1. Below 8 Å, C-alpha to C-alpha, sequence gap of six or more: please give me the relative contact order for region 832-973 in percent.
2. Placing one identical point scatterer on every Cα of region 124-274 and ignoring solvent, what is log10 I(q)/I(0) from the Debye formula at q = 0.13, 0.21 Å⁻¹?
3. Once phi is turned into θ = phi - 60°, what whole-Hz ³J(HN,Hα) does the Karplus curve with 6.51, -1.76 and 1.60 give for every residue of region 445-452, x standing for Gly and Pro?
4. Mind giving me the nanometre distance, one decimal, between the label points for residue 875 and residue 469, set 7 Å out from Cα along Cα→Cβ?
5. Using Cα pairs closer than 8 Å and at least 6 residues apart in sequence, work out the relative contact order for region 350-490, in percent.
6. How far apart, in nanometres, would the label points at residue 314 and residue 200 be if each is projected 7 angstrom from Cα along the Cα-to-Cβ direction?
7. Lys/Arg Cβ at +1, Asp/Glu Cβ at -1, dipole of region 753-973 taken about the Cα centre: which of 957, 845, 779 is farthest positive-ward?
8. Want the number for residue 490 to residue 223: 0.36 nm per residue separation, take away the alpha-carbon distance, what's left?
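Read-outs throughout are calculated quantities, based only on the coordinates presented, and are distinct from any laboratory measurement. A quick note: this is a predicted structure, and the numbers were derived from the prediction, not measured. Cβ: placed from backbone, ideal geometry, glycine included. Neighbour counts: every protein chain shown.
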Amino acid sequence: PNVSSVSTPSKQIVSNNSSTTEKSSRESSICATCQKPITTKSVKALGKRYHTDCFRCAECGTPILSKYFPFELDDGTKIPLCEEHFYKRRGLICCICNSYLKGIHYTVFGRKYDAEHFCCKICSKKFDADEDFFNHENDIYCHYHFSKFFIDRCEGCEFAILKQYVEISRGGRNQKWHVECYMIHKCWNVAITPSTIGLISFPKVDPTPENIKSLPDTNPTPDQLISMEGKASEKISEIWSALFQFEEDTAMCISDMLQYATAQDQARGLAATAKLVLKVDALFKSLESLHRLGIEGGNTTSALATLSISNNEDVTFQTLKKEPRNFSAKVMIYLAILRKTSKGLADSSKSQDLILSVITGLAHYLKLLIRYGLNNSLQYNKSSHTTNALDKFLREVRNHESVPKDALSALEIPLDASDLCFHCQKSIESNCIQYQDKRWHIDCLQCTNCHKNLQSHGGISDASFNSNSNWVLCAQCAIDDPDAKPGFKSVSKLMQLSYLMKIAIVRSKAVMDYEHEGKQTNSQPEARATEESEHNYRKTLNEIKRLRSTRQNTKITDISSQDVARRSMVVETVNKSKDELERSHVTMESEENLLQQKVSVEDGLVGPSLSKRSFHRAKNVIMNQKVLTLDDIPRIVAAEHARELRPNTYKYHNPHAEEGLFKGLKPNSGSLYRTKSPTSHKAPSIKEIPVKYYSQLSERELCILSHISIAALNYLLSKQRINSDIDTSKLIDLKKTPTFWDKLKGLGGEKKTANINRVFGSDLILLVSKTGVESSQSNGPSKVRIPLLIDDLLTALYQKDMSVEGVFRKNGNLKNLRELVERIDANPSNIPDLQKENVIQLSALLKRFLREMPNPLLTFRLFDLWIVSQKIPDSAMKRTFFELCYSLLPKPHRDLAEVLFFFFMWASSFSNIDEQNGSKMDVHNLATVLSPNVLYPKPTTYFDAFAENEGENYYLAIEVVDYLIGHNEELSVVPKYLLQIYDLCEFDASEDYSSKSIFASIE
């Protein structure tokens, strides 16, 4: 609960060291109150003497001869007080009834309560020592009423947030999530609502006086709410721990497969594949448990018919189409690549591209299968009001943990196992019938005697097989054959695919073992090359995990870290010194004997232990750099692709080439912004400059870098003598030195920005400022701000099968697309659920957004520059030209380009799944359909360009987009030569430079 602790008063002892003194001493004493001599009875207290009539409360003047309380002021002076004002000064007053806190009391959120009033404001329920209590506007409430009226609810499970939570801003609204609910949503785009885990909802009620007074404590009751929250916490934790453990383990298997394939290590590559297949076999069996409930192929009617429940309009099952088959096809291709390794064919660039495509596909289809199982089990729960489907699904998934390290020996598939139909001798890739080691297509299983199809005539349970004659017999024909025995059983499509993958592994191992017989071990150079390859891969892996950890580092607020309440007891006792006790029977004539009042406060912590739920696993995923997920695989593939394009990709540039190009760009010795120290003229070498992503830079740094890029472009254009007509001064917005009137206008407050009433057709800069979200889909360690629509759209596309033919090429259903655009424009801050749309429709929506941008993604300003880049023959010079053009993009355009081009590169990996399947949209085909939407000149569209016989630019624009997609990873990094020039100029971090002063510093 949201509680705080205020320390209770420390122990104080009120002492009265009164004693009899000599008469001569009394006569010379002065009263501490009236400052007159004491000649009669006196009082000695606090180290001073008082007339008996003068010894009064320093606050109210009440006589306190019988009992007084000492109070120490800030300056150390002690004063006597009566009981009332002592308690007031000490703050020992109940905030409700203003009575003294003489017994047990509680300090909560800086306020003190006696035992009677330490209760819920609404129901007056007194709190036990281990019970939840919460603060709202200086009043305390019980768990039930605070949850009902005031507490923040999780955006996912809708239950109260009692411990840790993640807060994110989305669509102009702050959302709060339990850590595990947030990670489940982020990993699999699924929200765990009460109805999906067999619980009733607990809606939040508007805390009006009428509602607080009249609403009954029912549906649920307080006890039911506690039980519901405990069950929800347990179930959500179970979902997260089981599925993420599976994802982490399989991601490591896929990562190992990539590493060993690139290192041409057949044995370990095969072992990693076997381990992955056995783990996926557990997932397939978990999906089978759902199919047995009637959840198969998205057949909602079939699933709900078995439940006999009405009003299921909100239940939506996902459809399982080609994902399992595509996954198994990727495994087969990988094994084929491994087998070719020993023949020296795996080192070609084509084979390397194929490996990267296979690895990307494996991670993607596995992600889709996990989401399919989780979503459909939750939807079934919603219909049945139980957790049966989810429990079965998770129980089967956990079996992956029993896969041994030596997975090859656990396959249990003989080398002579057949994947062919026993009847037609053709491959079986779907549902089939099995009898011991033999399998049949369903249509091929006929009675050998009467030729009836056994599946359609009585089923297979009564069928028999004669192993001597290899005859299949129906129940009637088997009566006359004593050697015919039953034992047929159905095999699902998922189990058959798993069986085929296991056979492929066993056969691949046999082929590799045969080819390795008599072969010598790797030579020393080959061993060194393998070791270097593994070292580079580990470096890539660690860097990807570090970037993801930094990029997704979401702040986790821990409510339990706040102070809890204290339970205190004020104890009053009368105490006398030993001498006083011995003389207590003596009548004192000259001095009053005062009671020594002892007031002590004994306290301890009270309140609940808050929550015993384990959030550490989910928190570690956000913060931990050692965790590997399936979402990291495409990043690893992109890094390996960059390495393939240029072996020194981690350096990003050839230092010698760069120094040759820009060795003339050195600051003058008299530059305005150089320090006077001669040692400061030495800039770090390019090798010493750390890697910086554009997303890590501030607005000021980006502005200065764009000016440096202009200077570099001028130098490059003049040296290459190409297209001198380009006016580079118009490529960026020049900053002027502010005048007096500019400064005066700046005092008027913030500038008013225009409101947007639509998404499509709005300027990107304005759209990002109004409906932008911090997205973790960037390449670097920092998030980038992109439109909410694009973030939701890409998230949905990452969850779709991108191998569908026609993606980004077909226009989809135009009527539905128009209606969807209208709904989005009607409420720019609240995007509809895009998961319900198919992949063709979503890709068409993305193209429409790009096409309707008033200023295209790659901007009108830079169009001529992009086109010129394709007329540079030297590849190194062209690369530098692209880098400079990319650095000139406005920040919102560059951020969006970084996210989109990475996505398009990922989508291109599904262009070919096998010989028959694939989207056919490789990088070049994607560039062909996208370039008219992201790169075209301002005066005319590309249609007009054709009419004017200027179609060459259209084809050059395709090549530009092709390059940007293929090199997206390295382009998102600031070129080191630009950083070196920036360091040489030594710009003052506190200075706001004009364009003129920046160029002067660069010259």
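1. Numbers: 122 pairs, mean separation 42.8, N = 142.
30 percent.
2. -0.71, -1.33
3. Calculated HN-Hα couplings, in order: 7, 10, 5, 5, 8, 9, 6, 7 Hz.
4. So the two model labels end up 7.0 nm from each other.
5. 13 percent.
6. 1.5 nm
7. 845
8. Working: separation 267, 0.36 × 267 = 96.12 nm, distance 4.74 nm.
Value of the extension gain: 91.4 nm.
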